[in-house]
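Asker: Would you mind keeping the following structure in view while I ask a few things?
The values are calculated or read from the model by the stated rules, or taken from the named source; none is laboratory data. Predicted, not measured: the structure shown is a model, and the values here were computed from it. Every residue, glycine among them, receives a Cβ derived from its backbone with ideal geometry; neighbour counts consider all protein chains shown. The area values use the complete protein model at the heavy-atom level, side chains included, leaving out ligands, DNA and RNA. Shrake-Rupley method; radii C 1.70, N 1.55, O 1.52, S 1.80 Å.
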Amino acid sequence: MKENFLHFIWKYQYFQQSELMTTKSETIQIKHPGFYNYNAGPDFLDACILINNIEWHGHVEIHIKASDWYAHQHETNNQYDNVILHVVLHHDREVIRNDNSCISCLVLEGLIDHQKINNYETLLTDSSKIACRTVIEDIPRITKLQMLDRVLLERIERKSLYILEKLKANDRNWEEVTYQILAEAFGFKINNSGFQRLSSIIPARLLRLHAYHPLQNEALLLGTSGLLPDRHSSKDPYVRQLHQEYNFLAHKYQVKDKMMMGSEWNYLRLRPANFPTIRIAQLSCIMSQIPHLCSAFLHIHSKEAFYRLMDCTVSEYWESHYQFEKVSPSKNIQKLGKSSLNSLIINVIVPLQFAYGIDRGLDKNKEKALDLLESIPPENNKITRLWKEYKLKNSNSLDSQSLIELFNNYCTKKRCLECSIGHHLITKVKTCKTVRLNSIDT
């Protein structure tokens, strides 16, 4: 058994409450278990407990064994001086305060329903990707909906807080932050770090200065990326032209010494349309055609409006190339596809609008972001396909984002105790259901 299970039991008071006694035969009545502490210090803060009919206000510390108090060296930490109750599963020694008084101790062994312990251990030891997979269809719909709504907000808020941290780091420059998160998203996971670094070297303000000279923006980005072939050996006129522009601009803005290495970019297992050269050319095109990026993105109210806004055509060179100096066999219109555009809405537009709503206290921006997410078709990836086997709804990207968050941050991390579905299985499932859980073939 892990200590977090005892935290769960104490938080929700899932143990026998009548005639509670400490190891020193003191009577106990729990008026308030306290508030769970997510930071360093005692496990539960500001509890209210009657011990021998005297009301105590203070903290509660929980351990598997009472001796863990000393194993964790709490006796040397003054944060634990105000602990009024030590809650343990096994009592193997007394715990003494610095003033030589004994801390009252409640032993939970024998007070917890064995059915709850069995259900918890079954979920914890299941080796599958989704521990509750065989019984999830039997969970009440309202329980599943509550959990999916919760994880959706957790996911969007986490992405929004990432944006707000960038806003602080960029002196509240929304335009710069919007460009940075757009650039990072243009990596489409494989090249996120490359685009992140590129956008930190070439800021949005430089690209806005050259918005009316798309070639110069392309030269700044591709030159800095380290993907331009050597100008001395290249016979490609476009490459030589980009080098000429880049050398002038890099010297002017003093960015030459910050140039990236071509090896920082990944091509492995990428379709040609996702090559970093193409994505950088597309980003350059967008920054040239939409100089006021943040304002444009905040006003997006539908996916169709976003599609129209991002309808940018790269320079003619890229209609016959995916890489420098390599002519493709057929002409290509290098525009972002619907799948890529939907990904940008999910990972850029929605978090940006939500973050702006948080920053300015505008609930309408948050609502607009959620409506936009709901209008996007469902994502089709290994995680959503896995959930499909268990008949959880995936009608749009709002559902998809919920399922992805639930899987990544709860199922794979075995956070069943913090999940409403896991909570239900541990506390509400009857014996017959537990047998079914225990019979899972792993």
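Asker: With all protein chains present, how much of the accessible area of the range 85-144 (probe radius 1.4 Å) comes from carbon and sulfur, to the nearest whole percent?
Answerer: That share works out to 47 percent.
Asker: While we're looking at this one, here's another question. Work out how much length K65 to I96 would gain on full extension: take 0.36 nm times their residue separation and subtract the Cα-Cα distance, in nm to one decimal.
Answerer: Extending this stretch completely gives an extra 9.7 nm.
Asker: Let me ask something else about it. Does the range 17-117 come out rounded, prolate or oblate, given a ≥ b ≥ c as the square roots of the eigenvalues of its C-alpha gyration tensor, rounded meaning a/c under 1.5 and, failing that, prolate meaning a/b above b/c?
Answerer: rounded
Asker: A further question follows. What FRET efficiency comes out for K11 versus Q79 if R0 is 25 angstrom and r is the Cβ-Cβ distance? Round to the nearest 0.05.
Answerer: 0.80
Asker: Let's see if you can work this out: charge +1 on each Lys and Arg Cβ, -1 on each Asp and Glu Cβ, no other charges. What is the dipole magnitude of the chain about its Cα centre, in debye to the nearest 20?
Answerer: Dipole about the Cα centre, nearest 20: 1700 debye.
Asker: Determine, from the Cβ-Cβ distance of S320 and N396 and an R0 of 41 Å, the FRET efficiency 1/(1 + (r/R0)^6), rounded to the nearest 0.05.
Answerer: 0.65
Asker: Provide the per residue accessible area, probe 1.4 Å, for the range 1-154, rounded to a whole number of square angstrom.
Answerer: In whole numbers, the range 1-154 has 51 Å² accessible per residue.
Asker: Hey, how many Å between the Cα centroid of the range 15-65 and the Cα centroid of the range 115-165?
Answerer: 28 Å
Asker: Over the Cα atoms of the chain, how large are the radius of gyration and the largest Cα-Cα distance (Dmax), in Å?
Answerer: Considering the chain through its Cα atoms, Rg and Dmax are 28.8, 91 Å.
Asker: A further question follows. With a point put 7 Å past each Cα toward its Cβ, work out how far Q244 is from F35 in nm, to one decimal.
Answerer: Label at Q244, label at F35, 6.7 nm between them.
Asker: A follow-up question, please. Can you tell which of G110, G223, G187 shows the greatest fluctuation in a Gaussian network model of the chain with Cα springs below 10 Å?
Answerer: In the Gaussian network model the winner is G110.
Asker: Which of the three applies to the range 21-61, rounded, prolate or oblate, going by the alpha-carbon gyration tensor with a ≥ b ≥ c and a/c under 1.5 meaning rounded?
Answerer: Cα axes put the range 21-61 in the prolate bin.
Asker: Hey, another quick one. Rounded, prolate or oblate: pick one for the range 46-182, where a ≥ b ≥ c are the square roots of the eigenvalues of its C-alpha gyration tensor, a/c under 1.5 means rounded, and failing that, prolate if a/b is larger than b/c, else oblate.
Answerer: Oblate is the answer for the range 46-182, as a/c is 1.5 or above yet b/c matches or exceeds a/b.
Asker: Could I ask something else about it? Would you be so kind as to identify all helices of the chain, as entire DSSP H runs, whose Cα atoms reach 20 Å or more along the helix's own axis and whose mean Kyte-Doolittle hydropathy is at least -0.5?
Answerer: Those that pass (Cα extent of 20 Å or more, hydropathy at least -0.5) are 141-169.
Asker: Working out 0.36 nm times the residue gap between S233 and L209, then minus their Cα-Cα distance, what length gain in nm do you get to one decimal?
Answerer: 5.6 nm
Asker: Sort out for me the Cα centre separation of the range 73-96 from the range 299-323, rounded to whole Å.
Answerer: Here the answer is 62 Å between Cα centres.
Asker: What is the gain in length, in nm to one decimal, between K364 and E137 on full extension, counting 0.36 nm per residue of separation less the C-alpha to C-alpha distance?
Answerer: Gain in length upon complete extension: 78.2 nm.
Asker: If the elastic network links every pair of Cα atoms under 10 Å, which of S101, S193, S295 fluctuates the most in the Gaussian network model of the chain?
Answerer: Largest GNM mean-square fluctuation: S101.
Asker: Between the range 168-197 and the range 337-388, what's the alpha-carbon centroid distance in Å?
Answerer: 17 Å
Asker: Let me ask another. Sorted from largest to smallest, which semi-axis lengths in Å does the alpha carbon gyration tensor of the range 146-196 give for its equivalent ellipsoid, taking the root of 5 times each eigenvalue?
Answerer: 23, 16, 7
Asker: Got a number for carbon plus sulfur as a percent of the range 347-387's accessible area, 1.4 Å probe?
Answerer: Roughly 46 percent, rounded to a whole number.
Asker: Would you please state the base-10 log of I(q)/I(0) at q = 0.12, 0.25, 0.28 1/Å for the range 327-402, with intensities from the Debye formula using one equal scatterer on every alpha carbon?
Answerer: Computed log10 I(q)/I(0) values: -0.45, -1.07, -1.20.
Asker: Also: Explain nothing, just the number: relative contact order of the chain, from Cα pairs under 8 Å at least 6 residues apart, as a whole percent.
Answerer: 15 percent
Asker: A follow-up question, please. At a Förster radius of 60 Å, what calculated FRET efficiency corresponds to the Cβ-Cβ distance of K258 and T27, to the nearest 0.05?
Answerer: Given R0 = 60 Å and the Cβ-Cβ separation, E is 0.30.
Asker: Here's something else I'd like to know. Between Y307 and D171, what is the spin-label point distance in nm, taking each point 7 Å from the Cα along the Cα→C-beta axis?
Answerer: My value for the distance between the label points is 4.0 nm.
Asker: Enter the mean projected area of the convex hull around the alpha-carbon atoms of the range 88-247, in nm², rounded to one decimal.
Answerer: 20.9 nm²
Asker: For the range 208-308, count the residues as N, evaluate 2.2 N^0.38 Å, and divide the Cα radius of gyration by that value, please.
Answerer: 1.21
Asker: Still on this model: Ignoring ligands, DNA and RNA, please state the percent of accessible area on the range 241-297 from carbon and sulfur, probe 1.4 Å.
Answerer: 54 percent
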